[in-house]
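The structure appears below as structure tokens.
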Amino acid sequence: MGAGPLSARVAALCDEVGPRLSPSVAMHVFNVRRRLDEPLRVAIAGRLKAGKSTLVNALIGRRVAPTEVGECTRLVTQFRYGTADRVDVVRRDGSRVSLPLDESGMIPQRLGVPRAEIAFVDVMLTSDRLRDLTVVDTPGLSSTNVSISDQARRFLFQGSAAPLDDDLDDASAGAVAGAEAIIYVFTQSVRDDDMQALEAFRSMSARLASSPINSLGVFNKVDKLVTGTADPWPVAGPLAADQTKVLRRVVSDVVPVVGLLAETTEAGRLTAADCEALRALAQLPHTERLVLLASVDLFTTRECVVPREQRERLLRMLDLYGIAFAIAQLAAHPQMGTGDLVRMLLQASGFPRLRRTLDYAFRWRTDAIKAGWGLSSLEKVASQSARAQDRELLREAIERVLQQPGYHRLRLLEVAQQV
């Protein structure tokens, strides 16, 4: 997605004033200018085990981000478009160590660089979904491991709630510091520290401070709201609506999803053999199906026509809710093909609504979001400049841009969101 008229004018401002600034301030202005030409950068944030990496994989359309707690989940990981798949481990001194994806197409569990030396992980993928959207997976906020929480806060709230480390070099800081938009993932209910994190991000976006235009909430793992294989959506819908009211000052919407189903279907993990196993389970007597689906233990240990290893694989990809949903569809429509079943599972995940909401909340507003981010960043550069001439030059240029009629769009978006 190319630059729109609002962000293009901010870029022109950078080109205009940059050569007239002191070298150190000019460098920061150049970094803002460069970011305006890049795809919209969206951070996936939330608590530990909220399902952030699973959601990242669904958004990318490939299972590349590790979902089990390990070395990679403790680091900021940036996913962007590239002409070849590659993993770069970026050290704090700016040097890079390149690695291939592992045999399963995921980021390697062992990165080969001491954890203390790593600034972030930069992953380039040939996914078309990343052509106009850079996705950043952050470590869990408010974790018991303070270093994980601090690293996520450094990324999200640089210069605000948690400044960057003093020893982090400019190149690394420029790559991970700040996001233009945020998807905040939570389960069950929003806690006080979730609200604090979202408020901090909102206050950081000064030009958009009165509107949650650049924040979206995702209510994940809604299948866990009910017991067994019951339908969670009659519960998830009203709960998500309640959370939207609670968070209306900090997010544009709250979308309920079953992240595991979204990842499995969007990443193309379900094979024809998996569907045949589900078909075999659908052909069992109704009572036998009920017993199998009563619990995870019964599903994996009870004697069955489908081998235990295959059932364990189905659990990893679909969990009990997804398995029960698929079996019900196949029992009602025995001739259903693999493609149709995958499409129905995708609908059951709630992900299509999230994709539509993401398009509305971020992609269609990219120009305004990037322009607001750019102006906020330039104001921050001006406020932190030690030279009065630099401060005056930047602020005068910013004010000239804000007085242009086109920038009324930012105000209109704020008012529309409040209404």
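Rundown of residues vs (1) within 26 Å of V135 (Cβ to Cβ); (2) in a helix (DSSP H, G or I); (3) modelled with pLDDT of 90 or more, yes/no style:
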position: V10; (1), (2), (3): yes, yes, yes
position: D15; (1), (2), (3): no, yes, yes
position: P19; (1), (2), (3): no, yes, yes
position: S24; (1), (2), (3): no, yes, no
position: S53; (1), (2), (3): yes, yes, yes
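The C-beta contact set for the stretch 283-301 (first residue closer than 14 Å to L318 by Cβ, second residue open to solvent by 80 Å² or more (accessible area, probe 1.4 Å), distance under 9 angstrom, 6+ apart or interchain) comprises L292/R302; T300/R308. Please indicate, with yes or no, whether at least one residue in the stretch 330-337 is touching a strand residue (DSSP E or B) at 6+ places or on another chain (Cβ under 7 Å) and surrounded by fewer than 18 Cβ atoms within 10 Å (Cβ to Cβ). No, the stretch 330-337 contains no residue that is touching a strand residue (DSSP E or B) at 6+ places or on another chain (Cβ under 7 Å) and surrounded by fewer than 18 Cβ atoms within 10 Å (Cβ to Cβ).
Of a type in the set (G, A, S), part of a helix (DSSP H, G or I) and under 25 Å from the mean Cα position of the chain (by Cα): does that describe A326? When the stated conditions are applied, A326 does not pass them. Does R63 satisfy the criteria of being in contact with a Lys or Arg (Cβ under 8 Å, 6 or more places away or on another chain), in contact (Cβ under 8 Å) with a residue 40 or more places away in the chain and assigned to a loop (DSSP other than H, G, I, E, B)? Yes.
Of everything in the stretch 188-221 that is at pLDDT below 55 and hydrophobic (A, V, I, L, M, F, W, C), the residue that is surrounded by the fewest Cβ atoms within 10 Å (Cβ to Cβ) is A209.
Residues are listed down the side, and each one gets a yes or a no for (1) surrounded by fewer than 20 Cβ atoms within 10 Å (Cβ to Cβ); (2) in contact with a His (Cβ under 8 Å, 6 or more places away or on another chain); (3) in contact (Cβ under 8 Å) with a residue 12 or more places away in the chain:
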| residue | (1), (2), (3) |
| --- | --- |
| R363 | yes, no, yes |
| T366 | no, no, yes |
| K370 | no, no, yes |
| W373 | no, no, yes |
| S383 | yes, no, no |
| R387 | yes, no, yes |
| R391 | yes, no, no |
| E396 | yes, no, no |
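Being farther than 16 Å from T229 by Cα, open to solvent by less than 40 Å² (accessible area, probe 1.4 Å) and touching a residue at least 24 places away in the same chain (Cβ under 8 Å) is a description that does not apply to C304.
Taken as a whole, the stretch 339-358 holds no residue that is part of a loop (DSSP other than H, G, I, E, B) and either farther than 25 Å from E266 by Cα or free of Cβ contacts under 8 Å to residues at least 40 places away in the same chain (or both). Of T54, T67, T77, all but one fail to be open to solvent by 40 Å² or more (accessible area, probe 1.4 Å) and among the polar types (S, T, N, Q); the exception is T67. Total residues in the stretch 284-294 satisfying the condition of being surrounded by 14 or more Cβ atoms within 10 Å (Cβ to Cβ) and assigned to a loop (DSSP other than H, G, I, E, B): the figure is 3.
Against the definition (under 30 Å from E396 (Cβ atoms), surrounded by fewer than 15 Cβ atoms within 10 Å (Cβ to Cβ), under 22 Å from the mean Cα position of the chain (by Cα) and touching a residue at least 12 places away in the same chain (Cβ under 8 Å)), how does D15 come out, yes or no? The answer is no for D15.
If only residues of the stretch 237-282 that are of a type in the set (D, E, K, R) and free of Cβ contacts under 8 Å to residues at least 40 places away in the same chain are counted, the one that is surrounded by the fewest Cβ atoms within 10 Å (Cβ to Cβ) is K245. The listed residues are V56, V89, V123, and the only one of them that is of a type in the set (V, I, T) and either in contact (Cβ under 8 Å) with a residue 60 or more places away in the chain or under 22 Å from G217 (Cα atoms) (or both) turns out to be V56.
The values are calculated or read from the model by the stated rules, or taken from the named source; none is laboratory data. Note that the structure is a prediction, hence the values are computed from the model and not measured. Cβ: placed from backbone, ideal geometry, glycine included. Neighbour counts: every protein chain shown. Note: areas computed on protein heavy atoms with side chains; ligands, DNA, RNA excluded. Shrake-Rupley method; radii C 1.70, N 1.55, O 1.52, S 1.80 Å.
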